[in-house]
1. Over 19 Å between Cα atoms: which of 45/95; 39/93; 39/95; 45/73; 9/95; 48/91 fall into that group?
2. For helix 33-44, what angle does its Cα long axis make with the longest principal axis of the chain, in degrees from 0 to 90 and rounded to 10?
3. How much mean residue ellipticity at 222 nm does the chain get from its helices, if each DSSP H run of length 4 or more adds -39500 (n - 2.57) and you divide by all residues, to the nearest 500 deg cm²/dmol?
4. Applying the Karplus parametrisation 6.51 cos²θ - 1.76 cosθ + 1.60 with θ = phi - 60° to the phi angles of the range 45-62, what ³J(HN,Hα) value in whole Hz is obtained for each residue in order, glycine and proline being reported as x?
Amino acid sequence: MEIEIVDKKENELLERIEVTFKASHSKEGTPQRDAVKDKLSSLLKAPKERIVIDSMTSEFGRMETVGYAKVYKTKDAVMKYEREHILVRNKLKEKVAVVKKQKAARAPPKAK
């Protein structure tokens, strides 16, 4: 898999660099997020835990995937600015199990 950086811009307000990339994968299927994070980590010289892949799309029959990633300056900035489901998707946070409350059984109506 080859990765090419298409666009790169600095967002100082959110303490990150925003990257649009193109991954060419001629003899493979659509790449996994972990594999893309490894390649981006080596290209951008940033640790994997500071890279968040926001989206990746590929078209049927094409051997290219276009994606959008964010490289934060610190791990704290990642946790502060990223949405919960994106952190879970990028394996930076565990999914919280939701426990549903059971409704209390209603007493039958009283006869008069």
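We did not get these values from a lab; they are worked out from the coordinates using the rules stated. Predicted model only: the values in this text are computed from it and were never measured.
1. Flagged as over cut-off: 45/95; 39/93; 39/95; 9/95.
2. On a 0 to 90 degree scale, this one is about 40.
3. Helices in the chain give a 222 nm mean residue ellipticity of -6000 deg cm²/dmol.
4. Working through the residues one at a time gives 6, 9, x, 4, 6, 9, 9, 10, 8, 7, 8, 9, 10, 9, 9, 4, x, 9 Hz.
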